[in-house]
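Data block below; observations after.
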Amino acid sequence: MAPTPPKDRPNRYTYAEAGVDIDAGNELVRAIGPLAASTRRTGSDAALGGFGGLFDLAACGFKDPVLVAANDGVGTKLRVAIDANIHDTVGIDLVAMSVNDLVVQGAEPLFFLDYYATGKLHVDVAREVIAGIAEGCRQAGCALIGGETAEMPGMYAKDDYDLAGFAVGAVERDGVLPRGDVAEGDVLLGLASSGFHSNGFSLVRRVVEDNRISYSAPFPGGGGASIGEVLLTPTRIYVKSVLKAIRETGAIKALAHITGGGFVENIPRVLPDGLAAEIDGTSWAMPPVFRWLMDLGGIDDTEMGRTFNCGIGMIVVVREDQSLEVADALAEAGETVMRIGRLRKQGADGARVVVNGALGSKR
């Protein structure tokens with residue numbers, strides 16, 4: 001039996017003394033309420049405070065929907081954000097990494113939930129991060145219907161935090177991608193990325209640290225932006241433009257989100273057996289931030305191609321005679337579109353992706 005403390009002994013233990021500030025958590029909930037409300041869409045009022053988030057799928061008008069779910073994080077890009085003290089963009093990254101995975105299956109993102117874990121809850125920092133999450137949701141057209149904030153002293157350093165995101169979308173059953181008619185001769189269109197997106201940052205950080213470069217230093221040719229600001233350029237969200245092109249043209253057969261593993265790991269995920277992607281690496285120019293990292297770290301073309309998107313964040317598979325129509329629809333929706341290759345029969349070497357010339361080597 002546990003000993004009973006004397007009645008006159010003061011309360012020596014509190015949750016706050018142990019490192020968890022309930023009042024700060026409540027303050028954060030009040031601060032982010034308007035942010036969540038700004039993401040309202042059909043099916044959700046995006047109100048916070050309940051034990052679970054509600055979403056009315058029937059209100060969205062689907063006839064025979066299939067739900068699609070995805071979750072992801074931001075990886076060690078968070079370390080750059082923390083060290084550079086720039087917190088308002090990583091929330092966009094968090095949303096982007098999940099909703100871009102939904103749209104490749106033809107799904108419209110419906111709602112999003114986030115998980116924010118930290119050693120010490122700094123309300124101002126957390127609010128900046130969640131403001132970015134709300135902005136990402138607005139860009140994707142989905143509602144931020146809930147989340148979790150965990151203050152965990154002893155698990156994280158006081159100024160560190162981690163993020164995870166969870167997205168759910170829906171697509172009509174007959175609209176699920178990739179379609180079954182992906183075939184030899186289909187054209188590959190590439191959509192420009194906004195930078196490194198949220199992949200490869202362990203390598204980025206290693207190069208920066210080994211060269212003793214400050215994130216506050218100006219980026220060469222960056223128009224006054226710091227290296228930290230350039231590296232933290234948020235992941236492009238392709239949802240609205242791609243859904244528009246899918247619905248207007250009915251011609252998109254498959255999509256590949258180019259994340260960790262680059263072209264070689266991601267394109268084969270949407271190809272039927274026996275087909276390979278032939279990429280013309282000279283058909284686009286790699287953005288300056290990639291060249292800067294290559295030169296600074298002495299990184300070769302192969303390593304760049306297996307780690308980063310190299311300037312192409314999404315690949316669209318279409319029939320040859322419909323490629324111009326799809327490219328025009330995507331361009332009208334704001335994308336920079338490049339024809340970067342085609343599908344062919346898989347060769348005897350078994351390669352699923354064949355690159356002619358270094359990726360992004362157009363001069």
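Residues whose amide H lies under 5 Å from that of A150, counting only those 5 or more places away or on a different chain, are Y116, A117, T118; hydrogens are built 1.01 Å from N in the peptide plane. With the full set of protein chains in place, find how many percent of the accessible area of region 226-295 is carbon and sulfur; take the probe as 1.4 Å. The nonpolar share, carbon plus sulfur, comes to 49 percent. A probe of 1.4 angstrom, applied to the heavy atoms of all protein chains, finds S193 with accessible area near 20 square angstrom. Applied to region 55-68, the Karplus parametrisation 6.51 cos²θ - 1.76 cosθ + 1.60 on θ = phi - 60° returns per-residue 3J(HN,Hα) values of 9, 9, 5, 4, 5, 7, x, 5, 9, 9, x, 10, 7, 10 Hz, with x for Gly and Pro. Put F219, F263 in order of accessible area, highest first, and with a 1.4 Å probe you get F219, F263. Distant-in-sequence amide contacts of A225, defined by a placed amide H-H separation under 5 Å and a gap of 5 or more residues or a different chain, comprise F219.
Mind checking the per residue accessible area of region 315-363 for me, 1.4 Å probe, whole number of Å²?
Details: 2680 Å² over 49 residues.
The answer is 55 Å² per residue.
Scalar couplings 3J(HN,Hα) for region 127-137, obtained by applying the Karplus form with A = 6.51, B = -1.76, C = 1.60 to θ = phi - 60°, are 5, 4, 4, 6, 4, x, 4, 4, 5, x, 5 Hz; x denotes Gly and Pro.
Less than 5 angstrom separates the built amide H of I312 from those of S193, all sequence-distant by 5 or more or on a different chain. Ligands, DNA and RNA left out, the accessible area of region 27-120 computed with a 1.4 Å probe is 53% carbon and sulfur. Note on Y115 and A150: the extension gain reaches 11.8 nm, defined as 0.36 nm multiplied by sequence separation minus the Cα-Cα distance. A simple spin-label model places the labels of L275 and A59 3.9 nm from each other, with each point 7 Å out along Cα-to-Cβ. Take 80-93, 155-168 and order them by the average number of nearby Cβ atoms within 10 Å per residue, most first; the result is 80-93, 155-168.
Once the Cβ-Cβ distance between A217 and R173 is put in as r, and R0 is 51 Å, what FRET efficiency do you end up with, to the nearest 0.05?
Using R0 = 51 Å, I get an efficiency of 0.45.
Accessible area per residue for region 164-309 is 41 Å², calculated with a 1.4 Å probe on protein heavy atoms, without ligands, DNA or RNA. Across region 106-118, computed HN-Hα scalar couplings (Karplus, 6.51 cos²θ - 1.76 cosθ + 1.60, θ = phi - 60°) run x, 8, 8, x, 9, 8, 9, 10, 10, 10, 10, 10, 8 Hz from first to last residue, x flagging Gly and Pro.
Could you work out [θ]222 nm for the chain from helices alone, using -39500 (n - 2.57) per DSSP H run of at least four and dividing by all its residues? Round to the nearest 500 deg cm²/dmol. Each step should come with its number before you reach the end.
Values: 11 runs with 114 residues, N = 363.
The helix-only estimate for the chain comes to -9500 deg cm²/dmol at 222 nm.
Label sites at E320 and A69, each approximated as a point 7 angstrom past Cα along Cα to Cβ, lie 4.3 nm apart.
The values are calculated or read from the model by the stated rules, or taken from the named source; none is laboratory data. Fair warning: this is a prediction, and the values are worked out from it, not measured in the lab. Neighbour counts run over all protein chains shown; Cβ positions are idealised from the backbone, glycine included. SASA here: full protein model, heavy atoms, side chains in, ligands and nucleic acids out. Shrake-Rupley method; radii C 1.70, N 1.55, O 1.52, S 1.80 Å.
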